[in-house]
Amino acid sequence: MEKRRRLVVAGDGEGDGGEASGSAARGLVESLPEALLVEVVVRLELEAACSAASSCRALRAAAAAAFSAVTSLDLSMFPPTNAILNRILAGNGALRCLAVNCSLLDDSAVGAIAKGSLRELSLLKCSSFSSYLFVAVGERCKNLRSFVLEMAASDDDEHFGICRKSIAHIVKGCGYLENLSLKFFPLLGPGSVDFESLVPIPSTIKVLLLQPVSNWQAKRLFPISTSLKTSISNTLESLSLVLDIITDELVAFITGSLHKLVELCLEDNPMKEPDLHNDLTNVGLQALGLCHNLAHLSLTRGKQNCSSTFRRVTDFGIMMLADGCKQLKTIRLAGFSKVRDAGYAALLQSCKDLKKFEVSTGYLSDLTCLDLDEAAPKITEVRLLCCSLLTSETAISLSSCTKLEVLDLSGCRSIADSGLASISQLSKLTLLDLAGADITDAGLSALGNGRCPMSSLCLRGCKRISNNGIASLLCGSGTINKTLISLDIGNVPRISGRAVTLIAKNCEQISSLCLRNCLLINDSSLETLGSMRHNLGKSSLRMLDLSYCSRLSRNFLGLFEPPFFRGLRWLGVGKNMLERRGCSPTVAELLERKPGLTVCGNACEMGCRNQCHPDIRRQ
């Protein structure tokens, strides 16, 4: 084991000794039979195998041989460099499914990406590609069925603009495309992306996601006139649009031209308060009843640009939606400030096949969820976000939904310990979000002694809990210490190193831990976390959020050097820590030693989910 560890860090030493040991290690590796090296690479985790490909010629050849027959490859959590991607994919002619974190890639990697054998291609967190990417994919990937793209704005506005106007090459070249997802970040102004060049959308498309698209562009994509109807009228099944504004007219265009629609997701972010005659109203919701196959519906209004809501939609509009779309299985609503219990209750009573129900910033009370198990007997997921009128009575009511697997009550500040006592008996509950709830250590004790096979738990901002509560949670008679994979205890003022020790010692499968804004966390806490999991042989953390942990020293990054935190793939540190002077090691030095690690200085949520920005090595 000791020899193997030295091989991993070979060349990291300083001076002649480090260079000599690195040369000796490379000589030893290159003297081994290629078949043995291939077997070693095959047994490595994916990220480790990719890193090995860049260490020496022998391992490079072994990695290329190991990857030569791979048909599916997911590198979404590991940002490979151009060199690594080219080395592992150069000889592969069988690859059918590829997902890549492209934050470190540019046009040099396009040759390795655009393979004729591909059926599914997902390019995530792109920031340095030119229009060459779209041309190459369109010309070479003729059999592509699915194309997913996330592209962030770069410093070169002209370069980014050219990319936005080159997307048509994909749909024109890939004649069998069924799934097309195009996301551009940040959300730019209306019409900033040339989605008009997609017209006419190929009849093969079944799933379409566009972000951001303007209202007028969307109406050109889906004309309501019979003479102008596009070829996708009878083929498109899923449509997701992030718009500048959702209006009745747009809903009429969609419902009037797309007859086979099964899933509809519309989100808008108005730049200003919409005019009363140019907004979504009850009429638009009534029009949705024309989509007789609609099973999944999401209508949300964001507040990135202004504090606006769907103020012309009332309970009556929601009731008409409930009457026309009784076959709905998924409902997601946000920004409906005039809708009350009567409207939401109508949806729950009418949609007997409902499995997922989400309301954000809604004015619903405990009355909505009364007898929910009878109204929606198949429900498995309930998300009631920032609903200030809800109390523990809702949690008690939901405890009768025995099939419930996901319960999100984040932002519901009146949920207290009495609700947790009921929730803890749900035998299928795997995700629970109580961010901002008014719970105490007693509530955590109830969870720790409960029956829930919990894999994800969020306690962010629950200011009344302490280290004792974490002890009760993880050392109770339940099984949560064996099943917990993700834990968020950020912004809890009384969480300290003792809680971190409890987590390191008792959580057997923990892979994601959020400690952001825990002001008592220091270097000693991290050292305990890294060393205990290493010494106890427990699975390594994959993601760790330390944003705004102000007690960490300038040299805290040194705690992440080998052999500790060996499997860490994402580390959130916050911009204020990156701007400190005299840090040792620096972020660049750490990333050189751990090429599979992503360090985020933008205070993103865990894993930079729903965010796309250039890698810190390119900033």
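The values are calculated or read from the model by the stated rules, or taken from the named source; none is laboratory data. Keep in mind that this is a model prediction, so the values were computed, not measured. Cβ atoms come from the backbone with ideal geometry, glycine included; neighbour counts cover every protein chain shown. Heads up: the accessible areas ignore ligands, DNA and RNA and are worked out on the full protein's heavy atoms, side chains in. Shrake-Rupley method; radii C 1.70, N 1.55, O 1.52, S 1.80 Å.
Given LEU297, ILE489, ALA345, which one lies farthest toward the positive end of the charge dipole of the chain, if we put +1 on the Cβ of every Lys and Arg and -1 on the Cβ of every Asp and Glu? Farthest along the dipole direction, towards plus: ILE489. Summary of packing: across the peptides 444-450, 57-63, the per-residue average of other C-beta atoms within 10 Å ranks them, highest first, as 444-450, 57-63. The residues of the chain expose, per residue, 41 Å² of accessible area to a 1.4 Å probe.
Mind putting a number on the dipole of the chain about its Cα centre? Charges go on the C-beta only, +1 for Lys and Arg and -1 for Asp and Glu, and I need it in Debye to the nearest 20.
Values: 67 positive and 61 negative charges, 174 e Å.
Charge dipole, the chain, about its Cα centre: 840 debye, nearest 20.
Here r is the Cβ-Cβ distance between MET271 and LYS403 and R0 is 45 Å; the resulting FRET efficiency, rounded to 0.05, is 0.60. Taking a straight Cα-Cα cut-off under 18 Å and skipping sequence neighbours fewer than 8 places away in the same chain, the lysines within cross-link reach of LYS115 are LYS142, LYS172. For a paramagnetic label modelled on ARG551 (point 7 Å from Cα along Cα→Cβ), amide N atoms under 19 Å away belong, within region 468-482, to 468-471. Lys/Arg Cβ at +1, Asp/Glu Cβ at -1, dipole of the chain taken about the Cα centre: which of ALA334, LEU104, SER197 is farthest positive-ward? Toward the positive end, the furthest listed residue is LEU104.
Each helix, a run of at least 4 DSSP H residues, gives -39500 (n - 2.57); summed and divided by the residues of the chain, these come to -8500 deg cm²/dmol at 222 nm. State which entries of LYS378/LYS482; LYS219/LYS272; LYS329/LYS428; LYS260/LYS326; LYS356/LYS428; LYS260/LYS356 exceed 25 angstrom in Cα-Cα distance in the structure shown. Too far apart for the 25 Å limit: LYS378/LYS482.
For the chain, which whole-number percentage of the solvent-accessible area (1.4 Å probe, protein heavy atoms only) is attributable to carbon and sulfur atoms? Could the numbers behind the result be given before it?
Values: 12920 of 25490 Å².
Summing carbon and sulfur atoms, their accessible area is 51 percent of the total for the chain.
Note on VAL207: accessible area is roughly 60 Å² with a 1.4 Å probe, heavy atoms of protein only. Here the contact order of the chain, divided by its residue count and restricted to Cα pairs under 8 Å and six or more residues apart, works out to 6 percent. With the dipole of the chain worked out from charges on the C-beta (+1 for Lys and Arg, -1 for Asp and Glu) around the Cα centre, which of GLY362, ILE167, ALA65 lies farthest toward the positive end? Positive-most Cα among the choices belongs to ALA65. P(r) tail for region 74-185, what percent of Cα pairs lie past 16 Å? That tail contains 54 percent of the Cα-Cα pairs.
Sort GLU374, GLU589 by heavy-atom solvent-accessible area, probe 1.4 angstrom, most to least.
From most accessible down to least: GLU374, GLU589.
Can you compute the FRET efficiency between LEU367 and LYS326 using 1/(1 + (r/R0)^6), with r the Cβ-Cβ distance and R0 = 25 Å? Round to the nearest 0.05. All intermediate terms of the calculation are to be shown ahead of the outcome.
On the way: r = 21 Å, r/R0 = 0.86.
E(calc), rounded to 0.05, equals 0.70.
Modelled this way, with points 7 Å down the Cα-to-C-beta line, the labels at ALA342 and GLN425 are 3.5 nm from one another.
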